[in-house]
Each structure stands twice: as structure tokens, then as C-alpha cells.
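Notes follow the structure.
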Amino acid sequence: MNVSTSAVSLAPAALEEGCSHTDTVARFFRALGDPTRLGLLEFILAGERTVAECIEHAGISQPRASVHLSCLVDCGYVVARRDGKKFRYSAGDPRVADLLVLARALAADNSAALDCCTRIPTSRQD
């Protein structure tokens, strides 16, 4: 895993100067908390995608894909551009990819504790 030390060292300053609203940060993570949205985001981070590609990748209906993609766009994780009759989705902020790499590493390192946590339901329990 390649985590930028400058990003880590900026964290305290960002907390002091940036968004200090806990609710906003919680909403940031809540948008990533849905397994379908997270899978779509990772798929889009790998390269620009059409809605049809996203539907095929996620194995969901067009209306469900539209809802999830709209959420990702509204939250700033991805951007949409019109290409004729199609929309194409791409990364809105490259730092999100770094965040997901770090999140996967943290989840792997803490998998035993996460598996035992009864306060946060798994996607199968939702």
C-alpha cells in the first residue's frame, strides 16, 4: 500500500481548518457504506464507464443503477458527462481511490474485529 505521508501529516491541519462538521464527514462515509455504490465507484475509478457498463458490472436494474450513480455524482465521488444519448461516468476526485486503498487495508487488518461487531449489520442483514 502506498499512502502519502503528506496526506497523513496534513490531517490535523485539515481537521482544524477544513470541514469540522461531524455530520458532514459521517455523510461522506455513509455514501460509501452501500456495497453496490462502493462496487460501482471502484469500477468507475478504473476508467470512464457508461450506464450500460455499470448495470452489467453491478448486475442491477437500470433504475437502481441510476439511483446509485446519482448519489455518487451528487456527493462528488464521480462526474457525469453527456456523450450523445449516453452518460459517461469518471472519477470526480482522484483522492477517493487512495481512500479506498487505505480503507481496504484497514478492513483487512481489522477483519476479525469487524466480523465480530454486532452493532454494524453486514449487507446481508440490512
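List the residue pairs whose Cβ atoms are under 8 Å apart, where the first residue sits in the range 35-54 and is touching a residue at least 60 places away in the same chain (Cβ under 8 Å) and surrounded by fewer than 17 Cβ atoms within 10 Å (Cβ to Cβ), the second is in a helix (DSSP H, G or I) and not basic (Lys, Arg), and the two are 6 or more positions apart or on different chains. From the range 35-54, the pairs are PRO35/SER123. Every condition in (1) outside any strand (DSSP E or B); (2) surrounded by 12 or more Cβ atoms within 10 Å (Cβ to Cβ); (3) not aliphatic (A, V, I, L, M) holds for PHE87 except the one numbered (1). When ARG64 is tested against (1) in a helix (DSSP H, G or I); (2) in contact with a Ser or Thr (Cβ under 9 Å, 6 or more places away or on another chain); (3) surrounded by 15 or more Cβ atoms within 10 Å (Cβ to Cβ), exactly one condition is not met: (3). Could you please let me know if ASP98 is of a type in the set (Asp, Glu) and not in a helix (DSSP H, G or I)? In short, no.
Of the residues examined, ARG104 is not one that is at pLDDT 95 or above and of a type in the set (D, E, K, R).
Can we say GLY18 is exposed (fewer than 13 other Cβ atoms within 10 Å of the Cβ), touching a Gly at 6+ places or on another chain (Cβ under 9 Å) and at pLDDT below 95? The answer is no for GLY18. On inspection, VAL78 fails the criterion of being β-branched (Val, Ile, Thr), crowded, with 16+ Cβ neighbours inside 10 Å, modelled with pLDDT under 95 and within 27 Å of PRO121 (Cβ to Cβ). Beta carbons closer than 7 Å, at least 6 apart along the sequence or on distinct chains, pair a first residue in the range 92-112 that is farther than 21 Å from VAL79 by Cβ with a second that is part of a helix (DSSP H, G or I) and among the aliphatic types (A, V, I, L, M) for ALA107/LEU114.
The values are calculated or read from the model by the stated rules, or taken from the named source; none is laboratory data. Treat the numbers as computed from the prediction; the structure is a model and nothing was measured. Cβ atoms come from the backbone with ideal geometry, glycine included; neighbour counts cover every protein chain shown.
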